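Notes to accompany the following structure.
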Amino acid sequence: MGQPAILTVDDDPSVSRAIARDLRRRYGAEYRILRASSAADALDALKDLKLRGGRVAVMLADYRMPQQNGIEFLEHAMDLFPHARRALLTAYADTDAAIQAINVVDVDHYLLKPWDPPEEKLYPVIDSLLEAWQVTGDREVADIRVVGHRWSEPSYQIRDFLARNLVPYRWLGADEPEARRLLEAAGVGPEAVPLVVTADGRALVRPGTAEVAEAAGLSTAPNRDFYDLIIVGGGPAGLGAAVYGASEGLRTLLVERQAVGGQAGQSSRIENYLGFPDGISGAQLTDRARRQAGKFAAEVLNTREVVGLRPDGSARTLTFADGAEVSAHAIVLATGVAYRPLAADGVAQLTGAGVYYGSASTEGPSCSGSDVYIVGGANSAGQAALFFSRYARTVTLLVRGDSLESSMSYYLIQQLDRVANVRVRTRCEVVSALGEGHLEAITICDGKNGEQTTVECGSLFIFIGAEPRTDWLGEVVARDERGFVYTGPDLLTSGHRPPGWDRDRDPFYLECSVPGIFAAGDVRANSVKRVASAVGEGAMAVTLVHRYLEAQ
Ligand SMILES: Cc1cc2nc3c(=O)[nH]c(=O)nc-3n(C[C@H](O)[C@H](O)[C@H](O)COP(=O)(O)OP(=O)(O)OC[C@H]3O[C@@H](n4cnc5c(N)ncnc54)[C@H](O)[C@@H]3O)c2cc1C
């Protein structure tokens, strides 16, 4: 298959030569460095490479080029090599324009010219792009194949699971010739989808996510039955706790029921997380955090749902959905929140078949040319609108309130304003979802006059508030009326410690009503619902775990 390529395009020959020289010096042994002096030449080179079955890891384009600027070039190049990582080269004067453009097309980084010394300014960026590319790789060469129907809920679940866990896979519609061959080899008909064929040739018929996780090499069983620290939930708070816990020498286990990354993993671009001035996608942030936790030897369990917690003398014991148990000295609850279901006729039946909760980035390409509707007026809905506007003919945001101003960040409202195919409808609600086997239309009720209209709709994405889903905690720890977990000062009523509290100290800041059980991130009552605060609380919880362990 040959070496993967790093392609650079710049209309200034001296810049083009210089960057190719620097790239060759560092990456020439493992990557083919391709250089072009116009967008048209670069696209020709990419087409040629595509025909010869080549791979492209990174594309680096100058922003200011005649005929086609760097953004336009990258948009076209993405059609040929959608999984190549992308960066823009800009002059200082163009930074603002580049950042605005980055928000519209999915560019991973921008680099300022000149990039001297490359060791400081160029190589770290290219290293991180190459790392990201190596993880997701080129899906054309993925080992896992999934045969399914576009509108089948179980097929969607498997695709979404693999995508959110950053496992490369190849999707085959059940009526494609190769899919038919795989179904025949597995001895089943098209009604048996999803069929997952693993790298070593095993055929899994209608597998659950746990089976797929195992097949993809994701760990599902703990290596020991007692840990210093167990973290429940693998979103930013849980990952933060795992990195700090393991790096500080605690035997640390993180348990995740779905996909590591949590809500943040579903974000198409997080722009307000410190240290990423040009934004970072949830998938990339998750991937980095997961690798960081792994580097410090934190153990991560996938597809394991925790359904029970009890104090067991000085130990704290968790029960999994299959009845198995695991214990630790201390627990961090980092279970976040999950989307509230939309109460409208037909929505439950069509979920996974045109109706999706969260951003479902796997659905981007299949929305090409269609009309997409998004329910919700918060930042998550705004980010999704920007994401889908790159694929869909139109994207309509359906907002219950009078305006976006009270629920969405100013920077996002401004970005949405600038995208021609995004519309915002305020004071309206979806009252039904219609379709045979998959979503075909929705009925919207206009809150101003009560009028109902039915519109054709290919995909409906729902982002309407979230709830903590902590019922499984029962009475073990104190929670508020919505299920959020009380910690620290919130547990003191008129200076009194919580009932049953058996220490001669107040609960630590993130400690629950039972000593040794902590909560961090969105699941905590009165928490700030942000990536930065979740990560911060995860780190802080570990410091408090140390304090708790010292006093034991
Ligand atoms: C689409 C979207 C975009 C966003 N964009 C931004 C942004 O740009 N900037 C920003 O600051 N914030 C953003 N947010 C908010 C931010 O993502 C959250 O505040 C943050 O993820 C909270 O982290 P957490 O770890 O507390 O919880 P979560 O991210 O909710 O993670 C909790 C994890 O726990 C797991 N879990 C739950 N129960 C169990 C159980 N019983 N057993 C095992 N595992 C369990 C869940 O599967 C989940 O993976 C966005 C949210 C969404 C949905």
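Checked against the criterion of being open to solvent by 20 Å² or more (accessible area, probe 1.4 Å), more than 8 Å from the ligand (Cβ to nearest atom), over 30 Å from D312 (Cβ atoms) and in contact (Cβ under 8 Å) with a residue 60 or more places away in the chain, the candidates A210, A283, A203 yield just one match: A283. Filtered by the rule that a residue be among the small types (G, A, S), in contact with a Pro (Cβ under 9 Å, 6 or more places away or on another chain) and open to solvent by 40 Å² or more (accessible area, probe 1.4 Å), segment 329-357 gives a lone residue, A348. S268 meets the conditions (1) within 18 Å of D522 (Cβ to Cβ); (2) surrounded by fewer than 24 Cβ atoms within 10 Å (Cβ to Cβ); (3) near the ligand (Cβ under 9 Å from one of its atoms) in every case but one. The failed one is (1). Of the strands (runs of 3 or more DSSP E) entirely within segment 1-114, those holding at least 1 residues that are open to solvent by 10 Å² or more (accessible area, probe 1.4 Å) and over 30 Å from I413 (Cβ atoms) occupy 32-36.
For segment 392-420, give me the residue count where each residue is closer than 13 Å to Y373 by Cβ, open to solvent by less than 70 Å² (accessible area, probe 1.4 Å) and assigned to a loop (DSSP other than H, G, I, E, B). So the count comes out to 2. None of F276, F296 is open to solvent by 20 Å² or more (accessible area, probe 1.4 Å), within 14 Å of the ligand (Cβ to nearest atom) and touching a helix residue (DSSP H, G or I) at 6+ places or on another chain (Cβ under 9 Å) except F276.
So that you can scan it fast, the table gives a plain yes or no per residue for (1) under 24 Å from R340 (Cβ atoms); (2) open to solvent by 30 Å² or more (accessible area, probe 1.4 Å):
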{"site": "R427", "(1), (2)": "yes, yes"}
{"site": "V477", "(1), (2)": "yes, no"}
{"site": "S494", "(1), (2)": "no, yes"}
{"site": "F508", "(1), (2)": "no, yes"}
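A count restricted to segment 257-279 and to residues that are over 13 Å from the mean Cα position of the chain (by Cα), of a type in the set (A, V, I, L, M, F, W, C) and at pLDDT 90 or above stands at 1. Residues in segment 220-262 that are hydroxyl-bearing (S, T, Y) and within 14 Å of the ligand (Cβ to nearest atom): T220, Y244.
Summed over segment 147-177, residues that are free of Cβ contacts under 8 Å to residues at least 40 places away in the same chain, open to solvent by 20 Å² or more (accessible area, probe 1.4 Å) and in contact with a Gly (Cβ under 6 Å, 6 or more places away or on another chain) total 1.
Scan R304, R316 and give me the residue that is more than 9 Å from the ligand (Cβ to nearest atom), not aliphatic (A, V, I, L, M) and not in a helix (DSSP H, G or I). Break it down stepwise before answering.
Numbers: R304 fails: more than 9 Å from the ligand (Cβ to nearest atom).
After ruling out the rest, the residue left standing is R316.
Scanning segment 532-552 for residues that are in contact (Cβ under 8 Å) with a residue 40 or more places away in the chain, within 8 Å of the ligand (Cβ to nearest atom) and surrounded by fewer than 24 Cβ atoms within 10 Å (Cβ to Cβ) gives a single hit, A532.
Where residues in segment 196-222 are in contact with a strand residue (DSSP E or B) (Cβ under 9 Å, 6 or more places away or on another chain), among the small types (G, A, S) and not in a strand (DSSP E or B), which of them is nearest to D160 (Cα to Cα)? Here the residue is A216. If I filter segment 507-523 for residues that are touching a residue at least 60 places away in the same chain (Cβ under 8 Å), assigned to a helix (DSSP H, G or I) and touching a strand residue (DSSP E or B) at 6+ places or on another chain (Cβ under 7 Å), do I get at least one hit? Within segment 507-523, one or more residues are touching a residue at least 60 places away in the same chain (Cβ under 8 Å), assigned to a helix (DSSP H, G or I) and touching a strand residue (DSSP E or B) at 6+ places or on another chain (Cβ under 7 Å).
In the set G369, G437, only one residue is away from the ligand (no atom under 16 Å from the Cβ), touching a residue at least 60 places away in the same chain (Cβ under 8 Å) and in a loop (DSSP other than H, G, I, E, B); that residue is G437.
The values are calculated or read from the model by the stated rules, or taken from the named source; none is laboratory data. Everything numeric in this text was worked out from a predicted model, so none of it was measured. In this analysis, Cβ positions are derived from the backbone assuming ideal geometry, glycine residues included, and neighbour counts consider all displayed protein chains. These area figures cover heavy atoms from the full protein model, side chains too; ligands, DNA and RNA do not enter into them. Shrake-Rupley method; radii C 1.70, N 1.55, O 1.52, S 1.80 Å.
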